[in-house]
1. If one takes the longest principal axis of the Cα atoms in the chain, at what angle in degrees, from 0 to 90 and to the nearest 10, does the Cα axis of helix 290-302 lie?
2. Based on alpha-carbon centroids, what's the gap between the stretch 221-238 and the stretch 248-313 in Å, whole number please?
3. Between the helical axis of 187-199 and the dominant principal axis of the chain, each derived from Cα atoms, what acute angle in degrees is found, rounded to the nearest 10?
4. Based only on Cα atoms, what Rg/Rh ratio does the stretch 295-348 have, Rh being taken as Kirkwood's radius?
5. I'd like to know how the stretch 118-195 sits against the 2.2 N^0.38 Å rule of thumb: what's its Cα Rg over that expected value?
6. How about the stretch 227-325: which trypsin sites (Lys or Arg not before Pro) there are in a DSSP loop, with at most 14 other Cβ atoms within 10 Å of their Cβ?
7. Among residues other than Asn267 whose Cβ falls under 15 Å from its Cβ, what is the net charge (Lys/Arg +1, Asp/Glu -1)?
8. Past 28 Å, Cα to Cα: identify those pairs from Lys20/Lys146; Lys305/Lys347; Lys302/Lys323; Lys20/Lys226; Lys301/Lys323, in the order given.
Amino acid sequence: MGETDEETATPKPNLPWKLKLFLGAISWVIERSLRPNMTVNRRLINFFDPKIPPSPNPRRGSDSVASSDITVDHSRNLWFRLFNPSPTTSTGSDNGVSGMPIIVFYHGGGFAIGHANSMIVDTAARRLSRELRAIIVSVNYRLAPKHRLPCQYEDGFDVLRFIDEMDTEGLPANADLSRCFLAGESAGGNLAHQVAVRAAEHDFKRVNLLGLIAIQPFFGGEDRVKSEIRFSRGPFLTLDAIDWYWRAFLPEGTDRDHAAVNVFGPNAVDISGLRFPPTLLFIGGCDPLRDRNIMYYEGLKKSGKQVYVVEYPNAVHGFSGFKEIPESCLFLREVKDFMEMQMAKEKV
Ligand SMILES: *[C@@H]1O[C@H](CO)[C@@H](O)[C@H](O)[C@H]1NC(C)=O
């Protein structure tokens, strides 16, 4: 009875077959790389998602985006890949146009996989830079299980502090620190949220945070919500992988009701008094995280925060990074509108 209703009500992602194969292969590789003994087979992952060098001198053209790697802290291998969509522009102030907004971007991968120089992350960040006409700071934070909470949050926040103190030599001349955004996908969305919380209590010299873009942020909790059950076998992200990621990330002796996972759950930190930036939240209807993301939206609302939500009923987890998925183009337009709206507010 109820079950058939559920079946017919379940949205079916309609993916191009090539992408379906690719996503299937990637999730197969990831599932096999997350070992039961809590180690990661990085060689297998790097084979399918190889590391690629930055491109400081791209060929001229409308889609040329220059990239370079900048070290923040050698001792913990903290660095970021910087993407600049108009490397040939001289200083913005010279010709009367204001500088470009900066997006500090945190990649996904359950806090355990992905690198700022891996092909998938590089491609996604480059596309954001090109399409949004923004400087992207793509953060290479430390990974679990070797480095657990709060290493990722510390790295994420320290990059923001670092660019706040960077001299004009280090940053491109067209970068405008007074128009900064945080953005993150999946685990990166969780990270971006935590960085926004830390930033609310910090006095920056030049960085001015105008918004947070949370793309299918990775949140959870001890109890199972409907979407986690309905999409427990994916596509792309499975419940087994979700549980593995949390186990690898959380300190020993804690569970998924930890404040880092269940942000508005029983152990939540009250953020209602914080100066939290306006948030744009993306939700996928075919994502096991769907219901957790709705709870995040409700939590932000209840805390008195400004939050805009966009839900794509057919979107799978990770949709935004694949240009073959129609929703990823709609996504770019929404982000562009959101950024323009926040920047216009700042002007008056
Ligand atoms: C975990 O398992 C892998 C593959 O089975 C093995 O090569 C590795 O040595 C194991 N590591 C630990 C710490 O047990």
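Bear in mind these aren't lab numbers, they're just calculated from the coordinates by the rules spelled out. No experiment lies behind these values; they were computed from the predicted model shown. In this analysis, Cβ positions are derived from the backbone assuming ideal geometry, glycine residues included, and neighbour counts consider all displayed protein chains.
1. 60
2. 16
3. Its long axis makes an angle of about 50 degrees.
4. Answer for the stretch 295-348: 1.05.
5. Normalised Rg, Cα atoms only: 1.15.
6. Arg233, Arg275, Lys323
7. The answer is -4.
8. Values: Lys20/Lys146 32 Å; Lys305/Lys347 21 Å; Lys302/Lys323 34 Å; Lys20/Lys226 24 Å; Lys301/Lys323 31 Å.
From Lys20/Lys146; Lys305/Lys347; Lys302/Lys323; Lys20/Lys226; Lys301/Lys323, over 28 Å: Lys20/Lys146; Lys302/Lys323; Lys301/Lys323.
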